[in-house]
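The values are calculated or read from the model by the stated rules, or taken from the named source; none is laboratory data. Since the model is a prediction, treat every value here as computed from it, not as a measurement. Neighbour counts are summed over all protein chains in view; Cβ atoms, including those assigned to glycine, are modelled from backbone coordinates with ideal geometry.
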Amino acid sequence: MLKTLRNPTFRHLFAAQLVALIGTGLATVALGLLAWNLAGANAGAVLGTALAIKMVAYVTLAPVAAAVAERLPRRAFLVALDLIRAGVIACLPFVDQVWQIYVLIFFLQAASAGFTPAFQAVIPDVLKDEEEYTNALSLLRLAEDLEQLASPMIVAALLTVFSFPVLFVGTVVGFVVSALLVVTARLPDRVRGENSQFWADVTKGIRIYTRTPRLRGLMVMEAAVAAAGAMVYVNTVVLVQARLGLGEESVALAFAGFGAGSMLAALLLPRILDRLADRPVMIGGAALMVADVALVPLVGSLITLIALWAIIGFGFSLTQTPIGRIINRSAREADRGAVFAAQFALSHACWLVTYPLAGWIGAEAGLTTAALVLAGVGALGLIAVLRIWPAQDASDVAHDHPDLPPDHPHLAEHGAHHAHAFVIDDLHRRWPRAA
C-alpha cells in the first residue's frame, strides 16, 4: 500500500490532506470550547445548529462548487479554498456573538464543499492504475481514522500549555501548509468537457448519478450506512454515560474502537478488492453495520460496546473506501468532479436526516427503540440496494442509438448495435433497458 506514496504528486496531496484533517480536528474541539464561552449551558444547541449549517452547506453548495471548479484552473481552485478556510478560522477567536459563529461556519463549510469533491476527483487523474488508486483510497481512509485518534491527543498536549484559541492557530497553519503542498504538486491538466451553461453543469452530476443504476444503488446504500452510523455518532455518549454509567474517557475508548475497526478494514481492502468485486464488498459492509446496530440493545458492558463499534467501523470502511472506484467506472474523466460533488451532496443529505432521527428517537423513546428503528431503516435500504444495483454490473453494456443518423462518427466507430464502457453523457442520456 505504501508504495503508492512513491508517486510525488500523490505524496504531496496525501500530506496536504493529512495536515488539513489534523487542523480540522483541532478546530472541532476549539469550536466546542468557544461555544461554551459564548453560550454556556446552551453550547450544545449552538454546536447542533452549526452541524446543521454544515450539512446544509454541503448538500446545497457542492454541485455549485463543482460547476465553478470546471471553469477554473485546478491548482488555483484548491489553493484558494484552502486559504479561504484558513482565513475563516483566523476570524473565529475574535467573535463575541453566537450569530457570528454561524456565519463563519457557513463560509468554512462552503469552502469545504468545494474542496473535498475537487480533491477526490484529482486522485484518479494522478493514479491511473486501478491497484494504485485502490491503495490511495485506503491510505486516505486511514488518514481520516488516524486523525480521529491523533487530534484529541494533540489537543490535550496543547491545552496543558496554552489556552484554547491556540487550537485555531493550529488549524490555520494546517490549511496554509495544505495550500503550499498543493502548490508544489504537479497536478495533471483537467480534461475539459463540452461548453455548456452554468446551470447545466450544476445539475450534471446529479443527472449522471440518478440515471446510472450502480450509482442509484450507491445512493440508497449511503442511506443505510447513515442510519447505522448515526447511532454511533449521536448516541455513543448516551450509551456510555447513561446506560453504562461510565465517564468521558470511556466515550473516547468507544469511538477508538470504531476507528480501529475502520483502519483494519482500510488496511485489508486492497487485498479484498483484488479477489472480490466492489458491490458485494460494499453491501456486505453495510449489512455488517445494520446487523450490529440491531444488537445495541444487548450491550451491557464497555468491552461489548467497543467490540460492537469496532465491527461497525470495519463495515463502515468497507462501504466508504471503494466509492471512488465506483464513480470512476460511472463517469467520463471530464465529468468526474461533478459526480464526486453529487456523491458528496447526496451522502450528506442522508446524514442530515439520520442525525436528528437518531437523537430524537433516542431522547423520546429510548436507545433500544432508536437502535431498532435505525437498523430497520438500514435493512430496508439494503433490500432496495439489492433491487436497484444489478448483480451483473459489467462496465461494457450492449446498446444502440436509434436517435443518431447512420453516418454519425460514434456509429462509424462502433457499429449500429455495439457494446463499450457505458457512462451517461451527451450521446448516452439513458441507461439501456436491457441492462
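Each residue in the range 136-154 was checked for being surrounded by fewer than 21 Cβ atoms within 10 Å (Cβ to Cβ) and over 15 Å from the mean Cα position of the chain (by Cα), and 6 of them qualify. Output yes when any residue across the range 332-348 is surrounded by fewer than 21 Cβ atoms within 10 Å (Cβ to Cβ), basic (Lys, Arg) and assigned to a helix (DSSP H, G or I), and no when none is. No, the conditions are met nowhere in the range 332-348. Against the conditions (1) within 23 Å of Gly259 (Cβ to Cβ); (2) under 17 Å from the mean Cα position of the chain (by Cα); (3) not hydroxyl-bearing (Ser, Thr, Tyr), Leu158 satisfies every one except (2). Taken over the range 382-399, the criterion of being of a type outside the set (Phe, Trp, Tyr) and not in a helix (DSSP H, G or I) is satisfied by Pro390, Ala391, Gln392, Asp393, Ala394, Ser395, Asp396, Val397, Ala398, His399.
The residue that is farthest from Tyr355 (Cα to Cα), among those in the range 228-254 that are surrounded by fewer than 22 Cβ atoms within 10 Å (Cβ to Cβ) and in contact with an Asp or Glu (Cβ under 9 Å, 6 or more places away or on another chain), is Gln241. Set side by side, the residues Ala363, Ala370, Ala379 differ, and just one is outside any loop (DSSP other than H, G, I, E, B), assigned by TED's automatic domain parsing to the domain that holds Arg329, under 30 Å from Tyr233 (Cα atoms) and without any contact (Cβ under 8 Å) to a residue 12 or more places away in the chain, which is Ala363. Applying the criterion of being more than 17 Å from Leu308 (Cα to Cα) and β-branched (Val, Ile, Thr) to the residues of the range 205-227, the residue that is surrounded by the fewest Cβ atoms within 10 Å (Cβ to Cβ) is Thr210. None of Phe115, Phe106, Phe119 is over 22 Å from Ala331 (Cβ atoms) and of a type outside the set (Val, Ile, Thr) except Phe106. The residues on offer are Val423, Val385, and the sole one that is closer than 21 Å to Arg211 by Cβ, surrounded by 12 or more Cβ atoms within 10 Å (Cβ to Cβ) and in contact with a Gly (Cβ under 7 Å, 6 or more places away or on another chain) is Val385. The residue pairs whose first member lies in the range 337-352 and is in the same structural domain as Pro117 (by TED's automatic domain parsing) and farther than 12 Å from Thr116 by Cα, whose second member is surrounded by 24 or more Cβ atoms within 10 Å (Cβ to Cβ) and among the aliphatic types (A, V, I, L, M), and whose beta carbons are closer than 8 Å, counting only pairs six or more residues apart or on different chains, do not exist in this structure. On the given criteria, is Phe94 under 19 Å from Leu181 (Cβ atoms) and of a type outside the set (Val, Ile, Thr)? In short, no. Contact annotation: residue pairs with Cβ atoms under 7 Å, 6 or more positions apart or on different chains, pairing a residue in the range 396-418 that is in contact (Cβ under 8 Å) with a residue 24 or more places away in the chain and closer than 17 Å to Arg430 by Cα with a partner that is among the aliphatic types (A, V, I, L, M) and part of a strand (DSSP E or B), are Asp396/Ala419; Asp396/Ala421; Val397/Ala419; Ala398/Ala419. One residue alone among Arg85, Arg11 is without any contact (Cβ under 8 Å) to a residue 60 or more places away in the chain and part of a helix (DSSP H, G or I), and that residue is Arg11.
Every residue, every condition in (1) closer than 30 Å to Ala69 by Cα; (2) in contact with a Pro (Cβ under 7 Å, 6 or more places away or on another chain); (3) modelled with pLDDT of 95 or more, yes or no:
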position	(1), (2), (3)
Trp199	yes, no, no
Gly205	yes, yes, no
Arg214	yes, no, no
Tyr233	no, no, no
Thr236	no, no, no
Ser250	no, no, no
Gly259	no, no, no
Ala287	no, no, yes
Ser301	no, no, no
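Check Ala90, Ala20, Ala52, Ala57 and return the single one that is of a type in the set (A, V, I, L, M), surrounded by 19 or more Cβ atoms within 10 Å (Cβ to Cβ), in contact (Cβ under 8 Å) with a residue 60 or more places away in the chain and assigned to a helix (DSSP H, G or I). Result: Ala20 is the single residue among Ala90, Ala20, Ala52, Ala57 that is of a type in the set (A, V, I, L, M), surrounded by 19 or more Cβ atoms within 10 Å (Cβ to Cβ), in contact (Cβ under 8 Å) with a residue 60 or more places away in the chain and assigned to a helix (DSSP H, G or I). Against the definition (of a type outside the set (Ser, Thr, Tyr), touching a helix residue (DSSP H, G or I) at 6+ places or on another chain (Cβ under 6 Å), part of a helix (DSSP H, G or I) and at negative phi), how does Ile101 come out, yes or no? The answer is no for Ile101. In this entry, Val176 is excluded by the filter for residues that are at pLDDT below 85 and not assigned by TED's automatic domain parsing to the domain that holds Leu267. The residue of the range 255-291 that is farthest from Leu374 (Cα to Cα), among those that are surrounded by fewer than 19 Cβ atoms within 10 Å (Cβ to Cβ) and small (Gly, Ala, Ser), is Ala277.
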